[in-house]
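The values are calculated or read from the model by the stated rules, or taken from the named source; none is laboratory data. In this text, all values refer to a predicted model and were calculated from it rather than measured experimentally. Every residue, glycine as well, gets a Cβ built from its backbone with ideal geometry; the counts of neighbours run over all protein chains shown. When the accessible area is computed, the model is the full protein with side chains, heavy atoms only, and any ligands, DNA or RNA have been set aside. Shrake-Rupley method; radii C 1.70, N 1.55, O 1.52, S 1.80 Å.
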Amino acid sequence: MISYRKAAPEDCAALALVKQKVWQTTYRGIYSDSKIDNYSLTENEQYFFSLIQTSDISLFVAHRGKEIIGYMCCGKPLHPFRGYRQELALLYVLPEYQGHGVGKALFSIARQQFEAVFCREFFISVNRYNLNALNFYLHLGGLVAEIDEDKPDKSEVQIKLCFKIPPQSE
């Protein structure tokens with residue numbers, strides 16, 4: 001059974017490994033081989049630790065037993081965009097669990113977090129060449145707000161999608 005919870009400092013090594021596995025399977029051919037091959041587990045562990053320590057950002061994990069199989073970050077934008085107060089960022093799911101509702105569940109948790117702070121809109125940045133992720137967000141109702149111009153380094157090219165949360169009906 002898959003469960004969800006807020007990340008804890010002791011999760012940082014596992015989070016860095018999940019990110020590494022996703023980069024190897026999803027971004028090979030999009031990111032340069034050297035960027036993927038030189039991925040630093042230590043630097044990423046430290047990055048996740050800093051996210052966990054940030055009060056206006058929440059990092060959630062999806063886990064099966066003790067194995068972390070995905071994660072998502074939401075809250076104050078990591079990279080501000082057009083005055084949006086909230087961002088869903090870093091939604092990663094191990095390849096073998098993609099297509100099984102884990103990403104949708106993490107997305108739903110983020111929406112609940114946004115609603116709890118009375119936020120009715122948020123954005124997501126997705127790599128322009130990650131078509132599976134782009135289609136996932138479009139299917140969930142994302143509207144394309146901005147597309148970066150192409151660059152030689154395809155890891156830098158993003159599409160921003162915006163989401164609106166309708167008010168609860170009474």
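Structure data summary
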read-out	value
Boolean, Q86 is without any contact (Cβ under 8 Å) to a residue 60 or more places away in the chain, more than 28 Å from P152 (Cβ to Cβ) and either crowded, with 16+ Cβ neighbours inside 10 Å or within 15 Å of the chain's Cα centre (by Cα) (or both)	yes
Qualifying residue in the stretch 139-146 (condition: under 24 Å from F60 (Cα atoms), touching a residue at least 24 places away in the same chain (Cβ under 8 Å) and part of a loop (DSSP other than H, G, I, E, B))	yes
Any hit, the stretch 96-107, residues being surrounded by fewer than 18 Cβ atoms within 10 Å (Cβ to Cβ), under 19 Å from K19 (Cβ atoms) and touching a Ser or Thr at 6+ places or on another chain (Cβ under 9 Å)	no
Candidate set from the stretch 137-170 (those that are surrounded by fewer than 13 Cβ atoms within 10 Å (Cβ to Cβ) and polar (S, T, N, Q)); member that is modelled with the lowest pLDDT	S169
Residue count, the stretch 47-67 (criterion: open to solvent by 10 Å² or more (accessible area, probe 1.4 Å), among the hydrophobic types (A, V, I, L, M, F, W, C) and out of contact with any strand residue (DSSP E or B) (no Cβ under 6 Å at 6 or more places or on another chain))	1
All positions within the stretch 109-136 that are closer than 13 Å to E87 by Cα and either in a helix (DSSP H, G or I) or open to solvent by 30 Å² or more (accessible area, probe 1.4 Å) (or both)	I109, A110, R111, Q112, Q113, F114, E115, V117, R120, E121, S125
In the stretch 17-49, residue farthest from R111 (Cα to Cα) [restricted to those that are in a loop (DSSP other than H, G, I, E, B) and either touching a residue at least 40 places away in the same chain (Cβ under 8 Å) or touching an Asp or Glu at 6+ places or on another chain (Cβ under 7 Å) (or both)]	S32
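Let's see how each residue does on (1) open to solvent by 30 Å² or more (accessible area, probe 1.4 Å); (2) over 18 Å from E156 (Cα atoms):
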position	(1), (2)
M1	yes, yes
K6	yes, yes
Q24	yes, no
Y39	no, no
E45	yes, yes
I69	no, yes
L78	yes, no
